[in-house]
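First up is the structure itself, then whatever we jot down about it.
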Amino acid sequence: MPTDTSEKGLETLIVESLVRDAKYVQSDAADFDRDHAIDLPKLIAFLTATQPKIVEQFSLGTDCPKRQQFLARLDGEITKHGIVDILRKGFSHGPAKIELFYGTPSPGNAKAEELFRANVFSVTRQLKYSKDETQLSLDLCVFINGLPIATFELKNRLTKQTVEDAVWQ
């Protein structure tokens with residue numbers, strides 16, 4: 001069987017490896033909320049598994065003003081502090097403290113182990129991210145609990161594309 005040297009072939013290899021070996025979930029690009037730059041179903045799944053009272057308190061299961069306020073607050077906190085800080089420290093919304101990631105647990109801490117296992121690591125192919133130029137897409141995006149942490153724009157020397165092409169794109 002010949003090797004697929006196209007961008008699509010490389011995408012496939014990377015995604016298959018992440019899903020098979022690293023136990024990532026492959027997400028659907030249609031789940032990406034361009035307004036808030038998150039994978040909303042993955043965020044809600046994580047919060048439902050770890051903080052169901054937050055999901056209920058802010059009506060995150062339905063598209064309503066309370067959910068929009070929550071998402072706007074999350075977006076603002078990410079803009080202000082950065083994604084790494086928000087993953088490490090969480091954020092507050094009104095009286096509620098929201099955790100967005102659970103780190104590696106110490107040995108013997110069953111509750112921390114359960115929370116760590118609830119983290120959702122996912123990868124999305126061909127992610128259309130722009131609200132203005134709706135056909136622009138990233139080749140891959142990696143998420144933790146619905147929050148984007150890394151993007152990939154793959155290029156192939158065989159098609160005479162360079163890193164400069166990726167940066168421009």
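The values are calculated or read from the model by the stated rules, or taken from the named source; none is laboratory data. The shown structure was predicted, so the numbers you read here are calculated from the model rather than taken from an experiment. Here the Cβ is made from the backbone with ideal geometry for all residues, glycine too, and neighbour counts use every protein chain on show. We work out accessible area using only protein heavy atoms, side chains counted, and drop any ligands, DNA or RNA first. Shrake-Rupley method; radii C 1.70, N 1.55, O 1.52, S 1.80 Å.
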remark   = Those residues of the stretch 64-77 which are more than 19 Å from Asp39 (Cβ to Cβ) and assigned to a helix (DSSP H, G or I) amount to Pro65, Lys66, Gln69
ask   = Out of all the residues in the stretch 134-159, which are exposed (fewer than 15 other Cβ atoms within 10 Å of the Cβ), within 17 Å of Asp33 (Cβ to Cβ) and without any contact (Cβ under 8 Å) to a residue 40 or more places away in the chain?
value = Thr134, Leu136, Thr151
request  = Identify, by number, the condition in (1) within 15 Å of Ile144 (Cβ to Cβ); (2) buried (at least 16 other Cβ atoms within 10 Å of the Cβ) that Gln51 doesn't meet.
outcome  = (1)
query = Listed residues Ile54, Ile14, Ile38, Ile44; which is touching a residue at least 12 places away in the same chain (Cβ under 8 Å) and over 27 Å from Lys97 (Cβ atoms)?
reply = Ile14
note = From the option list Arg34, Arg20, single residue qualifying as open to solvent by 50 Å² or more (accessible area, probe 1.4 Å) and at pLDDT 95 or above is Arg20
request  = Being part of a loop (DSSP other than H, G, I, E, B) and within 17 Å of the chain's Cα centre (by Cα) narrows it down to one of Leu127, Leu100, so name that one.
outcome  = Leu100
key: Those residues of the stretch 54-63 which are open to solvent by less than 70 Å² (accessible area, probe 1.4 Å) and either part of a helix (DSSP H, G or I) or on the phi > 0 side of the Ramachandran plot (or both), in sequence order   = Ile54, Val55, Ser59
remark   = For Pro107, the lone unmet condition from (1) assigned to a helix (DSSP H, G or I); (2) more than 30 Å from Glu7 (Cβ to Cβ); (3) open to solvent by 60 Å² or more (accessible area, probe 1.4 Å) is (1)
message = Condition first: touching a helix residue (DSSP H, G or I) at 6+ places or on another chain (Cβ under 9 Å) and either in a strand (DSSP E or B) or touching a residue at least 24 places away in the same chain (Cβ under 8 Å) (or both). Can you find one or more residues in the stretch 78-87 that meet it?
response = yes
